[in-house]
Amino acid sequence: MNAPALSAVIGQPVSRVDGPAKVTGTARYAAEFVPDGLAYASVVSATIPRGRIRALDTSAAEGMPGVLAVVSHRNAPKLPYLERDQRPPVDPKSGDQLRMFQDDKVLFNGQPVAVVIADSQQEADAAARCIGIAYDETEPTTTFDPGRGRPPSEETAKGGRPGAAGRGDGAAGLAEAATTVDVTYVQAREHHNAIEPHATIAQWDGDSLTLYDKSQWVQNVVVEIAHVFGIEAGKIRVISPFVGGAFGSALRTWPHVTIAAIAAKMTGRPVRVELSRRQLYHSVGFRPHTLQRVRLGAAPDGRLTAILQDAAAQVATYEEYAETTLQPAETTYSCPNVATAYRLVEMDTNSPCPMRGPGIVTGLYALEAAMDELAVALNVDPVALRLKNHADINEKTGLPWSSKALKACYETAAERFGWADRIAAPRSMRIGTDLVGYGMATAIYHADRAPAEAEVILFANGTAVVRTAASDMGPGTYTSITQIAADELGLPVEAIRFELGDSTLPMAPVHGGSITLVSVGSAVAEACAAVRQKLEALTGEGSIAERLRANGLDRLAASAKASPGEETKRYASSAFGAVFVEVRVDEGLGTLRVKRMTGAYDVGRVINPKIARSQCIGGMMGGLGMALMEAAEWDPRFGKVMNANLAEYLVPVCADTPALDVTFVPSEDTVLNPLGAKGLAEIAICGVAPAIANAVFHATGRRQRHIPIRPEDLIGT
Amino acid sequence: MRDSVRFIRQGRVVELKSFGPTETLLDHLRLTERACGTKEGCNEGDCGACTVAVGTHEDGKVVYRPVNACILFVGQLDGKEIVTVEDIAGSGGLHPVQQAMVDHHGSQCGFCTPGIVMSLFALYQDAGRATPPPRAVIDEWLSGNLCRCTGYRPIVEAARTALSAPPDDMFTRSAEATGGVLQFLADAEDVFVGTDQRFFAAPRSVEALAALYERHPDATLVAGATDVGLWITKQFRPVEKVIHLGRVDGLDRIEDVGPAVIIGATATYEAATDALAGIDPDIGAVVRRIGSRQVRASGTIGGNIANGSPIGDTPPMLIALGATLELVSAKANRAVPLEDFFIAYGRQDRQPGEFVAGVLVPKLKAGQVFRAYKISKRFDQDISAVMGAFLFTLADGVITEARIAFGGLAGTPKRAAAVEARLIGVAPGSAAAWSPAMEAFAEDFQPLTDMRASAHYRLETARALLGKALLETAGAPTTRTRVIGQREARQEGAHVGA
């Protein structure tokens, strides 16, 4: 057999292989499987922020048409909720997860307290409305009071979210600075709002359980549910071929998965639990409200002498979710003195969780906005200030970067954007009566890799199947991994079928943190190489199909595991980018519009430019929403999100999409992985919000130190 | 009397005799038909993942419109064709819209995709559209489809490609046959499905409607269901008796009667847009931003008035123009000035058994200038923070009469009587003379602070809008004042296909 042509498919703008299924409506999502006898559940949520259930009257609901069961703490099975040897990386390191129907306690408004199962969804919903619940309320904690902030626990600190970190002497660095800024920023609570609501169908067959679930990590769902129910992992199968967006909300195994399994157990029927849009706001996590103080010090030449960044983030009372918010302070710039302080503010709310660019995007917002304030204070160009403080190595770890083309990102993006046309003074650029503002920011997101396994099967008809338990929540894993296999096997993309989203497939890591392509892709490449080796050991020549047939084989399979190695101890890896934005502000009405955005990214080797560009555009629009629209409106009286719907929780619509220019600078990172890629998803939302906020200052001369920035912030002067 | 509803599905007539009065089209598709291509994203008409195309026969043609299946009752589909994402790929492969979505990477996670495909499918079928339509038209047709993955640009690119040629697919080729069936389905029967205690009814005439409503004054009148749909899917209100107005002959009339235009109660926003824009282009510009394309295809001007929302966008404009409401019951007809119809928050001047038949909207007279502005955080598909409408009558360069109404500043759409009084005799261009009127805002309005906007912002913006209206009346250029929401204005007329 001839060696496959080098990169015949990798790097090509292949259309997504799952495209036809998605545009014809045949792609099947979790809620759409229909096992025989499927029953439907309606979850009843608590309506107080803290207390106990005093009385729960289910009699009316139980007598309603079609109702099969009403389950609450009064009749639910006692579940073992076994402790896992090691918590998965997607779970908080400390505290206890929410247990379903195990006692009468209410820990937040919206907590599931009962579930109705009926023959139809309408009957379940109708009966759920007829459950009477009386509560004994206790005084809740529903305000974000940073004064109550406490450092994270030891377990959380060990997990890379310490209460204090840094290098050198932050205070001394600040004292020696010629110029300082000391500023405070607020990031609003944000919700993922993937268009697909979370849903699970549970089906028991004796003591075996099948779950159709919306998940970014099917194999972790298996382990989690095995521990919740105290059953063998081998008895559980999780299926999730398509995920309708998640952005981090489907990383964990949420309580509704357990509810589905309990409901199915108690009714002896397969049961579907589909959360309503409103329930999603208190069921599957969110980006936490975070208050940050940034102090920067610089020498007269612009060199940073100190970075001090403090963050206080909201957290649930029962579980300790913490973020890597302050990591950018340590890694983005060269600076001898860095000090960070992280605090958690407990509130009676559901637990936050990772949302696209978790932690980093929040910390980077404050850092990059403060860098802009420093540039103004120093009277230097914001790009020049960043170049002056370029981090040639990762100063947090002291390790060299495995690749870094950030300077090329600044240069390319500035050139394409026309940054040279910017008049530095705020309020100095106008078109008609609109104020015009140019702003920019750095993007950075660590590039990681995890062990993964894959199996490749060649068939005598000339096709191949690639299998691994990965997920594809939308970025294009189906397609990019198929391209990698096509190159490695020397087969056309059409001859390869990639199977994922089934826990019985070979091991794959969580589909999050932009690690899927490099982790799973490396395993697939190795499995392909292994099967090719087997093929070469066969007699005969010609195509794969011919050689299999010549040897009387209908198939030939090989598996491989690929893991990161020693390189992770010798190098730091990261994706980088630079984002430039133009805004127009009408101070008469307070209206603001983003006119255009330019992003240049260093993401290593680009496997599929069409998919990569779309990822970046989507991420930039996510950043636009973050900067100008997205915020949960919290009512402290009830400990509840008031705008828990898509009419009032605003996300960008088509008309909000400005001119968007995305470029990938030449880059390849063969240290991180043999493919040379660095992963691409989180990086695209990083830096966008501060670039917009900085542009707003440039336009108006007024700093808005909170996101989202709203019309009422901009009206008048 | 017919005891069933009938519609076309996949080339066949489906007859339903047994269905709940408020069963939604989405539940019918996903749970009854098990056709899960149409997605449920929010179940309240906000995200558009459930968009399907509904075909109707109008003026000898079959017209397709995108609608939100999640807040449309299945009974409302009587006499129509329902087209979903599963139905449009022919034997020769994907529909041009689907193919372009694949080619341009317009789909990532794929969950909003069916809705987007169907919005673009409906636009594709518009014989009058440009090839391709300008960006503004594509934005407008996608205003009700939320996507969290793609950032929309690849979808816009797909739309441009798919719409670069005139419509030519199996739907255009079978339009004549489809039209014939739709005409056959549009019989003269009153529809009544259910019992006297629980029913879906669709009377065919005003008289039949009045008689039925007199018998069941507790029934819920439904026109487009873009509001009532939410009572069901979000508020879980028990609605047992539904009277659908969509089949009532003549209730959707749009009639030019010389000095005024009559808009029938069931005329949709979409249908009424051109007639209203003919009175003043600003009305068209505002109506084009109400809800989304899907909402405007179903929602009605009459419903927007009858439900009495303090933030409805049409009432302030109609009040400023001096519109009169026509109310009908089995006993009597009466006309009420629209501003008197809104009594207080949630209360309107409507008697049991009485329904809105239409609204009479006077055209502008010589010497009159009209302006209307919608201010919201998001340009499309957002509830107004402030909605202001202004009618000035001028003589000899000064204002002799002012009619000004705002939404979002009070519990009802409300006139600014004190402001109006202080404008008499004012030359609109002399800003120095505005201050008494500007100060009078505090007499007329004590707005609330809520999550949509602060009281301060509302009042300041209302004043700024008055200033803009006066400046424009004095001859200042108008382009900038269409800069409302998140980005620049549309060319007037951009909402129509061309």
Rounded to the nearest 500, the 222 nm mean residue ellipticity computed for chain B from DSSP H runs (n ≥ 4, each -39500 (n - 2.57)) alone is -8000 deg cm²/dmol
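When you look at the Cβ of every residue in A:195-206, what mean number of other chain Cβ atoms sits within 10 Å? All intermediate terms of the calculation are to be shown ahead of the outcome.
Details: counts 18, 9, 8, 0, 1, 0, 0, 0, 0, 0, 0, 0.
Other-chain Cβ atoms within 10 Å of each residue's Cβ, averaged: 3.
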Using the Cα centre of chain A as origin and beta-carbon charges of +1 (Lys, Arg) and -1 (Asp, Glu), tell me which of A:G577, A:M355, A:A527 is placed farthest towards the positive end of the dipole. A:G577
Compute log10 of I(q)/I(0) for the range A:555-602 with the Debye formula, placing one identical point scatterer on every Cα and leaving out solvent, at q = 0.14, 0.18, 0.29, 0.33 Å⁻¹, to two decimals. -0.67, -0.78, -1.04, -1.13
Please give the residues from the range B:117-147 for which the solvent-accessible area of heavy atoms, probe 1.4 Å, is smaller by at least 20 Å² with all protein chains in place than with the chain isolated. B:R135, B:D139, B:L146
By the mean-Cβ-within-10 Å protection proxy, highest first, A:276-284, B:174-182 rank as A:276-284, B:174-182
For the range B:403-411, in order, what is each residue's ³J(HN,Hα) by Karplus, 6.51 cos²θ - 1.76 cosθ + 1.60 with θ = phi - 60°, in whole Hz (x at glycine and Pro)? 10, 10, 9, 10, x, x, 10, 8, x
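Among DSSP beta bridges lying fully in chain A, give the percent that are antiparallel, nearest 5.
On the way: 99 of 129 bridges.
Roughly 75 percent of the DSSP beta bridges within chain A come out antiparallel.
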Can you tell me the dipole magnitude for the range A:607-715 around its Cα centre, using point charges on the Cβ only (Lys, Arg +1; Asp, Glu -1), in Debye to the nearest 20? 140 debye
Inter-chain Cβ neighbour average for residues A:472-479, partner chain, 10 Å: 3
Per residue in the range B:60-103, which ones lose no less than 50 Å² of accessible surface when going from chain alone to all protein chains (1.4 Å probe)? B:V102
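How long are the semi-axes of the equivalent ellipsoid of the protein assembly as shown, defined as square roots of 5 times the Cα gyration tensor eigenvalues? Whole Å, largest first. Before the final figure, lay out each step's value.
On the way: eigenvalues 450, 300, 186 Å².
Result for the protein assembly as shown: semi-axes of 47, 39, 30 Å.
Counting other Cβ atoms within 10 Å, which chymotrypsin sites (Phe, Trp or Tyr not before Pro) in the range B:202-266 have at most 14 and lie in a DSSP loop?
Details: sites: B:Y213, B:W231, B:F236; in loops: B:F236.
Loop-located and lightly packed - B:F236.
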Degrees separating the helix B:455-473 axis from the principal Cα axis of chain B, which is the longest one: 80 degrees
Where the centroid of each part is defined by its Cα atoms, how far is the range B:404-443 from the range A:652-675 in Å? 50 Å
From the C-alpha gyration tensor of the range B:203-325, square roots of 5λ in Å: 25, 18, 12
Solvent-accessible surface (1.4 angstrom probe) belonging to B:D252, in square angstrom, nearest 10: 90 Å²
With just the Cα atoms defining each centre, how far is the range B:345-380 from the range A:546-619? Give it in Å. 50 Å
Over the range A:514-595, with neighbouring protein chains present, the accessible area per residue in Å² at probe 1.4 Å is 38 Å²
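With a probe of 1.4 Å, find how much accessible area the range B:303-356 has per residue, and write the answer as a whole number in Å².
Values: 2110 Å² over 54 residues.
On a per-residue basis, the range B:303-356 sits at 39 Å².
If you take the accessible area of B alone, add that of A alone, and subtract the area of the pair, what total do you get in Å², probe 1.4 Å, to the nearest 100?
Values: alone 20070 and 26430 Å², together 40020 Å².
When B and A are taken together, about 6500 Å² of accessible area is lost.
For chain A, what is the mean residue ellipticity at 222 nm derived from helices alone (per DSSP H run of n ≥ 4: -39500 (n - 2.57); sum divided by total residues; nearest 500 deg cm²/dmol)?
Values: 19 runs with 183 residues, N = 717.
Roughly -7500 deg cm²/dmol at 222 nm, from the helical runs in chain A.
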Relative to the Cα centre, what is the charge dipole magnitude of the protein assembly as shown, using +1 at the beta carbon of each Lys and Arg, -1 at the beta carbon of each Asp and Glu, and rounding to the nearest 20 debye? 1060 debye
Cβ charges +1 (Lys, Arg) and -1 (Asp, Glu), total dipole of the range B:368-489, debye: 360 debye
What residues of the range A:567-603 lose no less than 10 Å² of accessible area with every protein chain in place versus their chain by itself (probe 1.4 Å, heavy atoms only)? A:D586, A:G588, A:L589, A:T591, A:L592, A:R593, A:K595
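Taking a probe of 1.4 Å, how large is the accessible area per residue of the range B:113-182, in Å²?
Numbers: 1960 Å² over 70 residues.
Computed with neighbouring chains in place, this is 28 Å² per residue.
Mind checking Rg over Rh on the range B:96-168, alpha carbons, Kirkwood formula for Rh?
On the way: Rg = 10.8 Å, Rh = 11.8 Å.
Using only Cα positions, Rg/Rh for the range B:96-168 is 0.92.
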Alpha-carbon centroid distance for the pair the range B:214-239 / the range A:217-271, whole angstrom: 37 Å
What's the local net charge at B:A372, with K and R +1, D and E -1, over the other residues with C-beta under 10 Å away? -1
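Which of the peptides A:150-160, A:678-688 is most tightly packed, and how do the rest follow, judged by the mean count of other Cβ atoms within 10 Å per residue?
In decreasing order of mean packing, A:150-160, A:678-688 become A:678-688, A:150-160.
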As a test question: what accessible area, to the nearest 10 Å², does B:H104 have when a 1.4 Å probe is rolled over all protein chains in place? 60 Å²
Per-residue counts of other Cβ atoms within 10 Å, averaged by peptide: what ranking do you get for A:52-64, A:437-449, highest first? A:437-449, A:52-64
Roughly what % of DSSP beta bridges within the protein assembly as shown run antiparallel, to the nearest 5? 80 percent
Residue by residue through A:277-288, how many Cβ atoms from other chains fall within 10 Å of the Cβ on average? 1
Lys/Arg +1, Asp/Glu -1 at C-beta; the range B:368-489 dipole; positive extreme among B:L466, B:I383, B:G408: B:I383
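What is the percent carbon and sulfur in the accessible area of the protein assembly as shown, measuring with a 1.4 Å probe over the protein chains and ignoring ligands? Intermediate values should be presented prior to the final figure.
On the way: 20440 of 40020 Å².
For the protein assembly as shown, the apolar C and S fraction of the accessible surface comes to 51 percent.
The values are calculated or read from the model by the stated rules, or taken from the named source; none is laboratory data. Everything numeric here is computed off the predicted structure, so don't read it as measured data. Glycine gets a Cβ as well: all are built from the backbone with ideal geometry, and neighbour counts include every protein chain shown. Accessible surface areas use protein heavy atoms only, side chains included; no ligands, DNA or RNA. Shrake-Rupley method; radii C 1.70, N 1.55, O 1.52, S 1.80 Å.
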